[in-house]
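Here's the structure, in structure tokens; my notes come after.
The values are calculated or read from the model by the stated rules, or taken from the named source; none is laboratory data. A quick note: this is a predicted structure, and the numbers were derived from the prediction, not measured. Because the Cβ atoms are built from the backbone with ideal geometry, glycine has one as well, and the counts that use them run over all protein chains shown.
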């Protein structure tokens with residue numbers, strides 16, 4: 001497993017040199033939400049390169065998509081996914097291949113479109129072949145494993161994620177409700193939730209409580225991360241998010257430059 005940027009780049013180069021397949025699987029098609037997997041890639045590198053403060057200012061619109069900071073992250077995505085030989089079919093195929101299609105991970109050979117790495121949320125195992133899901137359940141990782149995406153050289157290891165929300169309706173706050181909410185936000189409730197696939201955001205969560213080794217590794221990556229970022233596009237205004245998907249897809253497909261994509265997205269901020 002690559003532990004840093006240099007090892008990741010060496011692994012990509014080896015896969016291409018061996019002719020075994022493509023380093024990355026990276027479909028971004030998702031019906032009316034096509035493009036959201038691209039937003040996750042960009043968010044990952046914005047967080048890793050620039051940290052939580054710039055990330056938050058970007059989400060709020062204080063840092064433009066066209067800024068040097070976000071452009072630097074977009075260039076890293078292009079290097080990882082859009083360079084020759086990195087993804088089967090390149091960006092044009094990425095734009096039309098479903099994010100749910102995990103079968104290329106388990107294909108046999110380059111002629112069958114085999115790819116070896118996939119950056120996705122932990123939920124993606126639900127879209128894998130039944131045989132692979134059964135192996136995971138049995139603790140057999142002969143055909144699948146997980147590792148944190150290494151940060152670029154000079155950057156910090158950031159972890160990107162989503163989550164559930166809890167709130168109290170106005171007029172219903174009292175001592176009993178406060179106790180329930182305190183429990184919901186505590187590490188204790190995750191003792192039960194991890195059984196359904198959740199990952200604890202608490203650094204002091206007992207990793208032995210995770211039901212399988214894969215979840216444990218993901219939980220450990222979150223606990224060890226220098227910085228965590230909640231999905232940025234989910235926090236942006238709806239019009240911005242929709243254009244982020246659309247312009248991002250056009251960028252991936254090669255129909256526009258990043259500068260053109262950024263201008264489209266920035267125009268949607270009020």
(message) I'd like the full set of residues that are surrounded by 17 or more Cβ atoms within 10 Å (Cβ to Cβ), at pLDDT below 95 and part of a helix (DSSP H, G or I), limited to segment 222-269.
(response) 222, 223
(request) Name the residue, out of 151, 173, 134, 142, that is surrounded by 15 or more Cβ atoms within 10 Å (Cβ to Cβ) and farther than 21 Å from residue 202 by Cβ. (result) 151
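Report, by residue number, each residue of segment 194-221 that is part of a helix (DSSP H, G or I) and exposed (fewer than 15 other Cβ atoms within 10 Å of the Cβ). Outline the logic, then answer.
Narrowing segment 194-221 to residues part of a helix (DSSP H, G or I): 194-196, 207-209, 213-221.
Matches in segment 194-221: 195, 196, 207, 208, 213.
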(message) Being at pLDDT below 95 and touching a helix residue (DSSP H, G or I) at 6+ places or on another chain (Cβ under 8 Å) narrows it down to one residue among 138, 145; which is it?
(response) 145
(message) Please count how many residues of segment 154-167 are surrounded by 11 or more Cβ atoms within 10 Å (Cβ to Cβ), touching a helix residue (DSSP H, G or I) at 6+ places or on another chain (Cβ under 6 Å) and modelled with pLDDT under 90.
(response) 1
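To keep it simple, each residue is scored yes or no on (1) more than 18 Å from residue 156 (Cβ to Cβ); (2) free of Cβ contacts under 8 Å to residues at least 60 places away in the same chain; (3) surrounded by fewer than 16 Cβ atoms within 10 Å (Cβ to Cβ).
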| position | (1), (2), (3) |
| --- | --- |
| 35 | yes, no, no |
| 57 | no, yes, yes |
| 62 | yes, yes, yes |
| 73 | no, yes, no |
| 77 | no, yes, no |
| 89 | yes, yes, yes |
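More than 21 Å from residue 256 (Cα to Cα) and in contact with a helix residue (DSSP H, G or I) (Cβ under 9 Å, 6 or more places away or on another chain): does that describe residue 117? If you could, list the steps in order and put the result at the bottom.
Numbers: more than 21 Å from residue 256 (Cα to Cα): yes; in contact with a helix residue (DSSP H, G or I) (Cβ under 9 Å, 6 or more places away or on another chain): yes.
For residue 117, the condition - more than 21 Å from residue 256 (Cα to Cα) and in contact with a helix residue (DSSP H, G or I) (Cβ under 9 Å, 6 or more places away or on another chain) - is met.
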(request) Kindly indicate whether any position in segment 117-125 is farther than 25 Å from residue 201 by Cβ, in contact with a strand residue (DSSP E or B) (Cβ under 9 Å, 6 or more places away or on another chain), at pLDDT 95 or above and in a loop (DSSP other than H, G, I, E, B). (result) no
